[in-house]
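The values are calculated or read from the model by the stated rules, or taken from the named source; none is laboratory data. Bear in mind that the values here come from a model prediction, so they are computed numbers and not experimental data. Heads up, the Cβs are rebuilt from the backbone with ideal geometry, glycines too, and the neighbour counts pull from every protein chain shown. Heads up: the accessible areas ignore ligands, DNA and RNA and are worked out on the full protein's heavy atoms, side chains in. Shrake-Rupley method; radii C 1.70, N 1.55, O 1.52, S 1.80 Å.
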Amino acid sequence: MIRAVVFDIDDTLVDFSGATGRGLLAHLATTRAVSPTDAERYVALWRHLEQIHFTAYLRGECTFTEQRRRRAREFCATAGFPLGPEESETDAWVARYLEHCDQAFTLFPDVLPALDTLRHAEVRLAAMSNSDRAYQHRKLTALGIRDRLEALVCCDDVDGVAKPDPRIFHAVCDRLGLAPAETVYVGDRLDSDARAAIAAGLTGVWLDRTGDGQADVPTITTLDQLVRLLPARTVRKGS
């Protein structure tokens, strides 16, 4: 029986990619005018560097803060934006970027209805992320849903362990006091979310918002479909 649903955060609950792209461009526009062609190039470069440096953080090669610094320094050097050599200047650049991101973060439209429906069915709710706990806590609080989630588990809660390692999936189950078989995990990445959850013994669900993919795992295109996927295997508290 399914007793809880655990959500990935970025690009599952929160429009992270859209917000960071908008935040980056708003930040750069305070320095110089950005043409549409340059905007596309800058966002693509930022995403490329995010993949490189965030992956280094997940491997334990640097701190969460340091991966941001490395990304900012390499971006500015490549794109030709002024950034002094002092660490304080890098931190100030990152802080201004994050301020713009904070203003751009939004929940996907299907999130609140899905959370409300699941809570009405007395399904327990939690979130898990390959990220920094303080950062995700602050983001979810600002968006008004942190108090709807019984547990939040991030890499720094599990000695740096990250998806697709089964230990982080088991950590969120332990936090809820549930067996993996009683828990659904839903996320936007096929391998590190859905397939990794299944390998860890949970019910893994892939959220394919584009509807373009095909996979041999339970797949939804909106969180509304997740609600309809669960009832036959879901129990209410105390049953």
Around PHE169: net Lys/Arg minus Asp/Glu count, Cβ-Cβ under 12 Å
0
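Quick one: putting +1 on the C-beta of Lys and Arg, -1 on the C-beta of Asp and Glu, what dipole do you get for the chain around its Cα centre, in Debye to the nearest 20? Walk me through the numbers on the way to the answer.
Numbers: 29 positive and 35 negative charges, 86 e Å.
Its charge dipole is roughly 420 debye.
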At 7 Å along Cα-to-Cβ for each site, give me the label-to-label distance between ASP212 and GLU66 in nm.
3.6 nm
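Could you compute the net charge surrounding PHE64? Neighbours are other residues with a C-beta less than 9 Å from the C-beta of PHE64; K and R count +1, D and E count -1. Provide the component values of the computation, followed by the final result.
Values: positive: ARG68; negative: GLU66, ASP132, ASP156.
Residues near PHE64 contribute -2 overall.
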Along the charge dipole of segment 52-111, pointing to its positive end and built from +1/-1 on Cβ of Lys, Arg, Asp and Glu, which listed residue (THR90, HIS100, GLY60) has its Cα farthest out?
GLY60
Give the shape of segment 1-87 as rounded, prolate or oblate, defined through the alpha-carbon gyration tensor: a ≥ b ≥ c are the square roots of its eigenvalues, a/c under 1.5 means rounded, and otherwise the shape is prolate if a/b is larger than b/c and oblate if not.
oblate
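Quickly rank 18-28, 83-93 as a protection proxy: mean count of other C-beta atoms within 10 Å, highest first.
18-28, 83-93
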The chain - share of DSSP beta bridges that are antiparallel (%, nearest 5):
5 percent
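Charges at C-beta only: +1 for Lys and Arg, -1 for Asp and Glu. How large is the resulting dipole of segment 18-76 about its Cα centre, in Debye rounded to 20?
Working: 10 positive and 6 negative charges, 20 e Å.
Rounded to the nearest 20 debye, it is 100 debye.
Going by a ≥ b ≥ c, the root eigenvalues of the Cα gyration tensor, does segment 45-106 fall in the rounded group (a/c under 1.5), the prolate group (a/b larger than b/c) or the oblate group?
It comes out rounded by the Cα gyration axes.
Return one whole number: the accessible area per residue of the chain in Å², for a 1.4 Å probe.
Working: 11200 Å² over 239 residues.
With all protein chains present, the chain gives 47 Å² per residue.
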Against the longest alpha carbon principal axis of the chain, how many degrees, from 0 to 90 and to the nearest 10, is the axis of helix 87-104 turned?
50 degrees
With a 1.4 Å probe and every protein chain kept in, tell me what percent of the accessible surface of segment 30-138 is carbon plus sulfur.
54 percent
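Suppose only helical runs count, i.e. DSSP H with n ≥ 4. What mean residue ellipticity at 222 nm does that imply for the chain under -39500 (n - 2.57) per run, divided by all residues and rounded to the nearest 500 deg cm²/dmol?
Numbers: 9 runs with 113 residues, N = 239.
For the chain, the value works out to -15000 deg cm²/dmol.
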If a/c stays under 1.5 just call it rounded; otherwise compare a/b with b/c (prolate if a/b is bigger, oblate if not). Do that for the chain, with a ≥ b ≥ c from the square roots of the Cα gyration tensor eigenvalues.
prolate
Output the relative contact order of segment 1-128, whole-number percent, from Cα pairs under 8 angstrom with separation of 6+ residues.
46 percent
Once both axes come from the Cα atoms, what is the angle between helix 16-29 and the longest principal axis of the chain, in degrees from 0 to 90, rounded to 10?
20 degrees
Selected from VAL5, PRO164, HIS120, residue furthest toward positive end of dipole (the chain; charges at beta carbon)
HIS120
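Report the charge-dipole magnitude of segment 77-133 in Debye, nearest 20, computed about the Cα centre from +1 at each Lys and Arg Cβ and -1 at each Asp and Glu Cβ. Intermediate results must be reported in sequence, preceding the final value.
Working: 4 positive and 10 negative charges, 66 e Å.
Its charge dipole is roughly 320 debye.
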